[in-house]
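Participant: Sharing a structure with you now.
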Amino acid sequence: MKTRKTFLTLLLALFVLQSVAQNQERTIVQGYCKDENGKAIENVSVYVHDSLLVSVTDDKGRFTYTHAKDGDKLRFAHMVFEPTYHIIKENEINGKNLTISMKTRSHELHEVEITANMPSIAFDNPVMSVIDYTIREDGIYMIVYRRRNSSLLHLSFDLDTLHEMKISSRYKQIYKDMYDELHIINDYQACEVGFIYNSGKQELGLYLPLSRTKFYNTCSPIVAASDSVYITGKYYYYNKELGYYCHIPYSEEEYLLHYIVDEEGRDDIWLQMRTGGGVDYFSTERIYNPIYEIDNKFYLFAFTDHETIIFDAVGKELERHPLTFHEYRKWNGKMEPDRRWKRKVLVDQGAKQFYTFFVNDGIYTLKRINLATGTATSVMDLSGYPFAQQLRIHNGMLYFIYPTGINHRKALYRVRLE
């Protein structure tokens, strides 16, 4: 009887404590840090009272500040962006997410001795800012913003301007599909980029306008193509399963190339569902297993299965190799994903090489992938260019976009890889 009474007393005390905890007011402020173009900013330090670090943004720009009070002054600091301040209002506590907009810091680049392996400006016009670019065998194509207008430029690899066409400033993206065709895209539509002859002179032109939605529905599923087949990818089971399928052009025939399952991810979702938690398909992170084509061979980087698989032009498996560069071994011997790796593979079609990069405190370290061993060797780091944008490689040359330090313009840089 005494034991039962003691148990009931403890149960009542636990109930009271739980009720008190639930009645305490939550004082949390959550939000996102974004740049001038609305892109998330990672590794922003969030301080309160100017010096007490309370949060650091993740790869989606999210931050959380607990124990927030009305009138607290937050400071947002990042080496690439101007410091930003925000005073918390009462209606922002436990309310909707804040959006903190940060402006790019003006970096004055000092004169330095130019070496053979130091990035240099490939394209810099005092009245133009580079918005986006891509590279084909016939040169570099880029969208540039000029005051209130935009232009589509075609440059040679010697950086001579071969063609220029004025376009609407709504066009912000240039896209190269799996068949090497170019398209420029705005918020509403996409147009194919091509050439016409006008009075015996070749000129750039825009053709076949499609709605943006229809364009992506048509092009996005196609992830690689050879002379014989094209490959589509489709996710299943809350983005934890991925199937690649080969399609015969101009035919309805298709067959499975490879199927990948993230067993641990499936178990996590299954546990969530069993415990009554809701699962949003679009919020679960997609497994990253890209596939590329070089010289009529397909290279599947199956990071989930820790192997690289090589197929011929019709999808017949040729080779398998280990794939381990994206992980590190902990003290207990268990392999864990390296958080510095940003889940990106870069392809040099001309040199037939694959690269990847790691980011530490905003500094990119470029590494060349060894397909046979599954390891990656450091090639160079961009220590003078933190958070460089849109890295691409062509014929042993690395290209990227970076602010010039003047009027927040962005220029195209390049450097020869060793």
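The values are calculated or read from the model by the stated rules, or taken from the named source; none is laboratory data. As the structure is a prediction and not an experimental result, all values here were calculated from the model. Cβ coordinates were reconstructed from backbone atoms using ideal geometry, including for glycine residues, and neighbour counts include every protein chain displayed. The protein model used for the area step is the full one, side chains on, heavy atoms only, and it has no ligands, DNA or RNA in it. Shrake-Rupley method; radii C 1.70, N 1.55, O 1.52, S 1.80 Å.
Participant: Go through Val29, Val54 for me and flag whichever is within 33 Å of the chain's Cα centre (by Cα), at pLDDT below 85 and surrounded by 11 or more Cβ atoms within 10 Å (Cβ to Cβ).
Facilitator: When all the criteria are applied, what remains is Val54.
Participant: Exactly one condition in (1) under 21 Å from the mean Cα position of the chain (by Cα); (2) among the basic types (Lys, Arg); (3) closer than 19 Å to Ile231 by Cα is false for Lys316; which is it?
Facilitator: Exception for Lys316: condition (1).
Participant: What are the residues in the range 238-270 that are open to solvent by 50 Å² or more (accessible area, probe 1.4 Å), within 26 Å of the chain's Cα centre (by Cα), modelled with pLDDT of 90 or more and not acidic (Asp, Glu), if any?
Facilitator: Selection gives Tyr259 alone.
Participant: Also: If we keep just the residues of the range 297-338 that are part of a loop (DSSP other than H, G, I, E, B) and polar (S, T, N, Q), which is most open to solvent (accessible area, probe 1.4 Å)?
Facilitator: Asn332
Participant: How many residues does the range 348-371 hold that are surrounded by 17 or more Cβ atoms within 10 Å (Cβ to Cβ) and farther than 21 Å from Tyr385 by Cβ?
Facilitator: 4
Participant: Something else: If you go through the range 57-81, how many residues are within 15 Å of Lys103 (Cα to Cα) and either open to solvent by less than 70 Å² (accessible area, probe 1.4 Å) or β-branched (Val, Ile, Thr) (or both)?
Facilitator: Residues flagged as within 15 Å of Lys103 (Cα to Cα) and either open to solvent by less than 70 Å² (accessible area, probe 1.4 Å) or β-branched (Val, Ile, Thr) (or both) within the range 57-81 amount to 7.
Participant: Cβ contacts < 7 Å: first residue closer than 20 Å to Arg146 by Cα, restricted to the range 172-194; second residue open to solvent by 70 Å² or more (accessible area, probe 1.4 Å), any location; separation 6+ or different chain. Result?
Facilitator: Partner pairs satisfying both residue conditions: Ile185/Arg212; Asn186/Arg170; Asn186/Lys172; Asp187/Arg170; Asp187/Arg212.
Participant: Of the conditions (1) open to solvent by less than 70 Å² (accessible area, probe 1.4 Å); (2) closer than 29 Å to His394 by Cβ; (3) in a strand (DSSP E or B), Phe215 fails just one. Which one is it?
Facilitator: Of the numbered conditions (1) open to solvent by less than 70 Å² (accessible area, probe 1.4 Å); (2) closer than 29 Å to His394 by Cβ; (3) in a strand (DSSP E or B), the odd one out for Phe215 is (3).
Participant: Hey, another quick one. Based on this model, can you work out whether Leu162 counts as more than 24 Å from the chain's Cα centre (by Cα), of a type outside the set (Ser, Thr, Tyr) and buried (at least 19 other Cβ atoms within 10 Å of the Cβ)?
Facilitator: In short, no.
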